Amino acid sequence: MSASERLSLQTLSRLPDAVQRPAYDPRAVTAGIVHLGVGAFHRAHQAVYVDDLLASDPQWGIVGASLRRADMRDALKPQDDLYTVAVRSGEGTALRVVGSIQKIHVAPEDPEALLEAMCDPAIRIVSLTVTEKGYCHDPATGDLNPEHPDVKADLANPRAPTSAPGLLVEALRRRRAANIVPFTVMPCDNLPANGPTVHRIMSQYAALLDDGLARFVETDVAVAGTMVDRIVPATTEAETAEICAALGLQDAWPVVTEPFTQWVIEDRFPTGRPDFSAVGAEMVADVEPYERMKLRMLNGSHSTLAYLGYLAGYETVSQAMADPAIERLVRQLMTEEVMPTLDMPGTDLGGYRDALVQRFHNPALKHRTWQIAMDGSQKLPQRFLGTVRDRLAAGASLDRLALGVAAWMRYVTAVDETGAPIEVKDPLAARLKAIADETGRDAERLAAAYLGVEAVFGRDLRDDPAFARPVTRALAMLLERGAAATAKAYADGQETS
Ligand code: CS2
């Protein structure tokens, strides 16, 4: 067998026995789901559940779409959209080839082909992983941002949209006009209350076009919120080479992930759905408490690790976690400041926290702090600020939350502790850097200037001294003593000294 041959339907049978492969004939599958945003996360999460599902119910294949770039389609098309999922932990690696994606559209190349797929009556679900910023909303309020350049472009040309809200609403409009039942929308991104939030964004977008359409979207379209969880770092070249060697075949873009996976889905699919619970998803009436728990516990800790860890010179999450002060700090953050805000009867939150700490330690994952640090302006509200508002309302302490927020502020100044530039990826990066350049290094002024960014902090937090004070204190210590020493001082309970 030559290692230069490509993974494909043709070569599938040549995989080593240890590699799991589809338990169905991918050629016999028909499409039931369109997925917008075929990135690593989708391929390691929803597409794996669907891969399990197809063995008993072959009508739920996935037609994928990339909303910006062609790279995923280009990588997977020559291999019949098959790809490998490598599940890695300290115990080793398990490989699995997934066949649930049937085709990938590239929206900017041919929006019409994607809209046609979304209007196929066999499609019952349109799911999304377009990242927080893909919803074109204001992160502080959760409302559509009508000034967003993609929204403005779509409103000017609504029949050939390119944004996620534009595509969803146009496809729903066409289905309505053709008397085809609407699909259920299933957002799978880390937004707060992602079901109601995405429903509102769609309705608001539709209202800018047509009142009747807006009413239809509001009342006749179902949006099933979800909580999704699996850590999926960007695949490195070395990992790709290792995986190809183990396959004996070339896979242009495998995904690497952890053993843990969780999917909680709001059971709201009036026009049909597959038996997701048969493949391990949890169907619930109200998904919000699960989302809140996950966003505040996992993602809040992740962002704290990302900003403090990056500034302290740690490249990956597991390296940051190997710093005992940072590990202690993350535990304190969850136990003392996040867990009291969660109302989860029947859930062992302490056990959930301990499992998270263990997942963050996974030495086999190269999850870069820089990757998680991306798009902080879109992530802070659901990861930190909801918790902050609950703590403020309860008159409770929030020093560790404030430290996470201050570490973000220090990070977006775009200069690290050695004076080298930081490549800050964020839709607001230029503005955030300009704020630092204009304001200088005075913690009080810098914190006040960042707290004034309304799209992140809203109007309430800027003027609340119970929040501004601990943020300013943390930022002062970060600027003076650096992230490693600050993390240690906070972990030792010396944050006010
Ligand atoms: C991470 C998430 O990149 C990030 O911001 O916090 O992608 C995280 O790994 C997932 O939400 C885990 O489910």
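Considering each of T141, T93 in turn, give the residue that is among the polar types (S, T, N, Q) and part of a loop (DSSP other than H, G, I, E, B).
T141
With the requirement that a residue be more than 9 Å from the ligand (Cβ to nearest atom) and either modelled with pLDDT under 95 or hydrophobic (A, V, I, L, M, F, W, C) (or both), what does region 286-304 give you?
V287, M293, M297 - these are the residues of region 286-304 that are more than 9 Å from the ligand (Cβ to nearest atom) and either modelled with pLDDT under 95 or hydrophobic (A, V, I, L, M, F, W, C) (or both).
Within region 435-468, how many residues are in a helix (DSSP H, G or I) and surrounded by 13 or more Cβ atoms within 10 Å (Cβ to Cβ)?
Of the residues in region 435-468, the ones in a helix (DSSP H, G or I) are 435-439, 443-451, 454-457, 465-468.
Narrowing the set further to residues that are surrounded by 13 or more Cβ atoms within 10 Å (Cβ to Cβ) leaves 435-436, 439, 443-451, 454-457, 466-468.
Final tally of qualifying residues: 19.
Among the residues of region 140-164 satisfying the criterion of being open to solvent by less than 20 Å² (accessible area, probe 1.4 Å) and either of a type outside the set (S, T, Y) or at pLDDT below 95 (or both), which is nearest to K379 (Cα to Cα)?
G142
For residues that are assigned to a loop (DSSP other than H, G, I, E, B) and under 18 Å from M186 (Cβ atoms), scanning just region 205-225, find the one that is farthest from the chain's Cα centre (by Cα).
At the first step, the residues of region 205-225 found to be assigned to a loop (DSSP other than H, G, I, E, B) are 208-210, 221-222, 224-225.
Cutting the leftovers down to under 18 Å from M186 (Cβ atoms) gives us 221-222, 224-225.
On the way: V221: 24, A222: 22, A224: 17, G225: 14 Å.
Per the stated criteria, the residue is V221.
Limited to region 361-392, what total is found for residues that are within 11 Å of the ligand (Cβ to nearest atom), among the basic types (K, R) and touching a helix residue (DSSP H, G or I) at 6+ places or on another chain (Cβ under 7 Å)?
The qualifying residues number 2.
Go through V198, V264, V228 for me and flag whichever is more than 16 Å from the ligand (Cβ to nearest atom) and either open to solvent by less than 10 Å² (accessible area, probe 1.4 Å) or in a helix (DSSP H, G or I) (or both). Walk me through it before giving the result.
Numbers: V264 fails: more than 16 Å from the ligand (Cβ to nearest atom); V228 fails: more than 16 Å from the ligand (Cβ to nearest atom).
Result of the check over V198, V264, V228: V198.
Is one or more of the residues making up region 242-259 surrounded by fewer than 22 Cβ atoms within 10 Å (Cβ to Cβ) and within 16 Å of the ligand (Cβ to nearest atom)?
Yes, some residue in region 242-259 is surrounded by fewer than 22 Cβ atoms within 10 Å (Cβ to Cβ) and within 16 Å of the ligand (Cβ to nearest atom).
Only one of Y352, Y411 is among the hydroxyl-bearing types (S, T, Y), open to solvent by less than 10 Å² (accessible area, probe 1.4 Å) and in a helix (DSSP H, G or I). Can you tell me which?
Residue meeting the stated conditions: Y411.
Before we move on, is D375 surrounded by fewer than 21 Cβ atoms within 10 Å (Cβ to Cβ) and under 23 Å from the mean Cα position of the chain (by Cα)?
Against the criterion (surrounded by fewer than 21 Cβ atoms within 10 Å (Cβ to Cβ) and under 23 Å from the mean Cα position of the chain (by Cα)), D375 qualifies.
The values are calculated or read from the model by the stated rules, or taken from the named source; none is laboratory data. Just so you know, these numbers come straight off a predicted model, no measurement behind them. Cβ coordinates were reconstructed from backbone atoms using ideal geometry, including for glycine residues, and neighbour counts include every protein chain displayed. Areas reflect the complete protein model, heavy atoms only, side chains present, ligands, DNA and RNA absent. Shrake-Rupley method; radii C 1.70, N 1.55, O 1.52, S 1.80 Å.
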